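Accompanying notes for the structure given below.
The values are calculated or read from the model by the stated rules, or taken from the named source; none is laboratory data. Computed from a predicted model, the values in this text were never measured in an experiment. We place every Cβ from the backbone using ideal geometry, glycine too, and count neighbours over all the protein chains shown. When the accessible area is computed, the model is the full protein with side chains, heavy atoms only, and any ligands, DNA or RNA have been set aside. Shrake-Rupley method; radii C 1.70, N 1.55, O 1.52, S 1.80 Å.
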Amino acid sequence: MASNVEAPERWYLALLGFAEHFRTSSPPKIRLCVHCLQAVFQFKPPQRIEARTHLQLGSVLYHHTKNSELARSHLEKAWYISQQVPQFEDVKFEAASILSELFCQQNLVDSAKPLLRKAIQISQQTPYWHCRLLFQLAQLHTLEKDLVSACDLLGVGAEYARVVGSEYTRALFLLSKGMLLLMERKLGEVHPLLTLCGTIVENWQGNPIQKESLRVFFLVLQVTHYLDAGQVKSVKPCLKQLQQCIQTISTLHDDEILPSNPADLFHWLPKEHMCVLVYLVTVMHSMQAGYLEKAQKYTDKALMQLEKLKMLDCSPILSTFQVILLEHIIMCRLVTGHKATALQEVFLICCCCFFVYINVICNACKLHHGLYCISVNCMDNAEAQFTTALRLTTHQELWTYIVTNLASVYIREGNRHQELYSLLERINPDHNFPVRRFLRETLKMSNAEDLNRLTACSLVLLGHIFYVLGNHRESNNMVVPAMQLASKIPDMSVQLWSSALLKDLNKALGNTMDAHEAAQMHQNFSQQLLQDHIAACSLPEHNLISWTDGPPPVQIQAQNGPTTSLASLL
């Protein structure tokens with residue numbers, strides 16, 4: 001006959017087996033799973049089983065139901081009881097981790113932070129949990145935009161990982177800190193940190209997938225750092241390494257062998273997510289360089305990959321990737337003269353905003369609506385969109401970008417001089433925004449870094465200035481390369497502008513044939529833009545230009561678009 005000590009183990013294992021069976025059924029039978037776990041308490045189990053069962057119940061209720069109060073009650077009991085049981089770290093720290101997530105979900109951040117701090121304090125002899133909890137608290141501070149505290153915690157984590165002999169996790173902490181420093185614009189601290197990370201990554205010998213994932217993280221930060229500085233040409237070697245690295249990862253098989261050091265039990269991103277991320281930074285590079293067809297090709301690939309992943313994975317980062325990709329492709333469409341398609345893609349961002357009402361996404365909607373409104377000459381709507389975007393943003397560079405677009409609205413309207421001057425006075429040069437930069441210097445810098453769109457815009461504007469000044473030869477020397485570059489991008493607005501200037505220039509220079517050819521080009525571009533303008537304004541999504549406050553409209557009604565002349569679109 002079994003002893004009294006063995007008896008409770010058998011009934012416990014039986015109930016646990018039933019609970020797991022119901023949880024993993026297809027579809028899951030959560031109610032039955034919960035009943036089985038609750039039945040454990042009828043047997044008055046020892047503290048270890050009681051604490052673990054409270055944790056299991058809390059976890060199931062948190063992840064599979066909306067009964068957050070009951071989940072919280074079980075998790076709090078698991079956390080309290082497990083602290084009284086010696087050598088019970090997994091239950092104790094998992095309870096703290098999930099409970100803090102639940103607190104954050106309930107907007108009780110002030111309850112989550114002390115809980116995590118205490119768990120971090122008592123977990124120093126458990127490397128895996130100590131590192132995981134440090135990451136979790138750093139993430140919480142990041143979500144609160146307290147990047148200084150988050151960086152401090154990541155620095156503590158890097159030093160702890162070094163002490164316990166985990167160079168892999170030390171690199172993860174340092175790279176995460178580097179990412180936040182880039183967000184804070186502390187570029188002076190980023191460079192030495194990335195140099196240190198590069199050395200650690202190259203010297204670390206371990207699981208090939210983990211090593212390559214570290215290299216991807218490192219190279220993504222390097223590429224982002226270059227792009228942030230507008231160094232499109234200089235970044236090419238790093239971008240090529242990144243693309244080769246992701247190809248290497250895709251050929252590697254996941255190794256089931258667990259690392260010998262428990263502090264190494266972390267992964268940065270699944271390799272499928274890394275593939276999308278590499279597509280994304282490639283799109284960013286192509287957009288800045290003015291290779292819009294290439295940007296569109298990689299966006300299509302990335303969005304197709306995302307659709308496949310989202311069928312099996314509901315990770316929030318996938319929605320973030322989707323929004324950033326859509327933002328870039330919308331800019332592509334507006335530049336290449338496909339406003340109707342751009343408008344439909346703005347609506348897709350609005351859908352993301354509806355399902356996950358986040359200010360950042362809503363601000364993206366407002367910004368792109370404003371740019372679209374300018375393209376179809378709806379200046380009152382553009383002003384309303386940009387004004388709302390200004391109210392929503394706290395990011396200085398984005399604020400400056402919105403202000404300059406709002407200034408362009410006032411310039412186009414022609415009678416808003418006072419508002420324009422007062423707006424320009426608000427741009428604060430103390431925020432490192434280059435308010436005094438001459439066109440020739442802009443042209444020199446953009447040409448040096450292969451910033452094709454900026455070069456084309458600078459050339460055509462210089463050409464226009466020289467034309468107004470009567471210097472027709474110099475104007476022609478600017479406008480011809482502007483047209484060639486704009487055709488390569490292709491930038492429809494610059495092509496339209498350049499062809500109009502070429503028509504007038506050649507007429508002034510007495511080149512009748514060239515003037516006729518330029519006039520024909522101008523007519524063709526005008527017709528393409530007019531047809532696209534009519535198509536965009538007739539779409540039901542065009543109504544979104546009136547949406548400025550609250551959640552995005554779920555339904556939109558078709559309406560006749562405004563009648564505007566093509567000349568006003570310029």
Nearest 10 degrees, 0 to 90: helix 167-184 Cα axis against the chain principal axis: 40 degrees
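So for 276, 156, what's the accessible-area order with a 1.4 Å probe, most first? Numbers along the way, then the final one.
Working: 276 0, 156 80 Å².
Highest to lowest solvent-accessible surface, that is 156, 276.
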Give the separation of the Cα centroids, the range 386-405 to the range 7-28, in Å. 55 Å
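Let me check I have the definition right: for the chain, take the eigenvalues of the Cα gyration tensor, multiply each by 5, take square roots. What are those semi-axes in whole Å, largest first? Please report the intermediate quantities before stating the final value.
Details: eigenvalues 610, 145, 90 Å².
Semi-axes (√(5λ), whole Å): 55, 27, 21.
Please calculate how many Å² of accessible area the range 12-115 carries per residue, with a 1.4 Å probe and no DNA, RNA or ligand atoms counted. Don't jump to the answer; show the numbers that get you there.
Working: 5580 Å² over 104 residues.
That works out to 54 Å² for each residue.
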Label-point separation in nm, residue 14 to residue 105, each point 7 Å along Cα→Cβ: 3.2 nm
Cα gyration tensor shape of the range 6-45, rounded if a/c is under 1.5, else prolate or oblate by comparing a/b with b/c: oblate
Can you tally the lysine pairs in the range 12-115 where the Cα-Cα distance is under 24 Å and the two residues are eight or more apart, or on different chains? 9
Quick one: 3J(HN,Hα) in Hz for the range 537-544, Karplus 6.51/-1.76/1.60 with θ = phi - 60°, rounded, Gly and Pro as x. 5, 8, 6, x, 5, 4, 4, 4
Quick one: accessible surface of residue 238, probe radius 1.4 Å, all protein chains present, in square angstrom to the nearest 10. 10 Å²
Against the longest principal axis of the chain, how steep is helix 109-121, in degrees 0 to 90 to the nearest 10, with axes from Cα atoms? 60 degrees
Under a 1.4 Å probe, counting only protein heavy atoms, residue 63 has an accessible area in Å², nearest 10, of 110 Å²
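How much of the accessible area of the range 441-538, in percent, comes from carbon and sulfur atoms when a 1.4 Å probe is used? Each step should come with its number before you reach the end.
Details: 2700 of 4810 Å².
Ligands and nucleic acids excluded, carbon and sulfur reach 56 percent.
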In debye, nearest 20, what is the charge dipole magnitude of the chain about its Cα centre with +1 on Lys and Arg Cβ and -1 on Asp and Glu Cβ, if you could check? 80 debye
Under the Karplus relation with 6.51, -1.76 and 1.60 and θ = phi - 60°, whole-Hz ³J(HN,Hα) for the range 480-491, x at Gly and Pro, equal 4, x, 4, 5, 4, 5, 5, 5, 6, 5, x, 10
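Taking the highest mean first, how do the peptides 370-376, 190-196 order by number of other beta carbon atoms within 10 angstrom per residue?
Values: 370-376: 23.0, 190-196: 15.1.
Per-residue mean Cβ counts within 10 Å order the peptides as 370-376, 190-196.
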At 0.36 nm per residue, minus the direct Cα-Cα distance, what do residue 471 and residue 196 gain on full extension? Give it in nm, one decimal, please. 93.6 nm
Ignoring ligands, DNA and RNA, what percent of the 1.4 Å accessible area of the range 12-115 is carbon and sulfur? 53 percent
Separation of the residue 254 and residue 524 label points, Cα + 7 Å toward Cβ, nm: 5.3 nm
Can you give the accessible area of residue 538, probe radius 1.4 Å, in Å² rounded to 10? 70 Å²
Centre separation in Å (Cα based) which lies between the range 177-239 and the range 55-106: 36 Å
What list of ³J(HN,Hα) values in whole Hz, one per residue of the range 228-237 in order, does the Karplus curve 6.51 cos²θ - 1.76 cosθ + 1.60 (θ = phi - 60°) give from phi, with Gly and Pro shown as x? 4, 8, x, 8, 5, 6, 5, 7, 4, x
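Shape of the range 441-538 from its Cα gyration tensor (a ≥ b ≥ c, root eigenvalues): rounded if a/c is under 1.5, otherwise prolate when a/b > b/c, or oblate?
Details: a/c = 2.22, a/b = 1.12, b/c = 1.99.
In terms of gyration-tensor shape, oblate.
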Relative to the longest principal Cα axis of the chain, at what angle does helix 452-468 sit, 0 to 90 degrees, rounded to 10? 30 degrees
Starting from the Cα of residue 301, step 7 Å along the direction of its Cβ; do the same at residue 538; then give the gap between the two resulting points in nm. 3.6 nm
Please compute the volume of the convex hull spanned by the alpha-carbon atoms of the range 172-216 and report it per residue in Å³. 58 Å³
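Report the full-extension gain for the segment residue 68 to residue 122: residue separation times 0.36 nm, less the Cα-Cα distance, to one decimal in nm. Please list the in-between numbers first.
Values: separation 54, 0.36 × 54 = 19.44 nm, distance 2.64 nm.
Stretched out fully, the residue 68 to residue 122 stretch lengthens by 16.8 nm.
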By the Cα gyration tensor axes a ≥ b ≥ c (a/c under 1.5 gives rounded; else a/b larger than b/c gives prolate, otherwise oblate), the shape of the range 484-553 is prolate
Toward the positive end of the charge dipole of the range 53-122, about the Cα centre and with charges on Cβ (Lys, Arg +1; Asp, Glu -1), which of 108, 95, 81 goes farthest? 108
Stretchable slack from residue 90 to residue 425, in nm (0.36 nm times residue separation minus alpha-carbon distance): 114.8 nm
Checking the table 236/301; 271/339; 366/507; 211/297 against a 31 Å threshold on Cα-Cα, which pairs fail? 271/339; 366/507
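Kindly provide the helix-only [θ] at 222 nm of the chain, computed as the sum of -39,500 (n - 2.57) over DSSP H runs of four or more divided by all residues, to the nearest 500 deg cm²/dmol? Walk me through the intermediate numbers first.
Working: 25 runs with 419 residues, N = 570.
Theoretical 222 nm ellipticity from helices: -24500 deg cm²/dmol.
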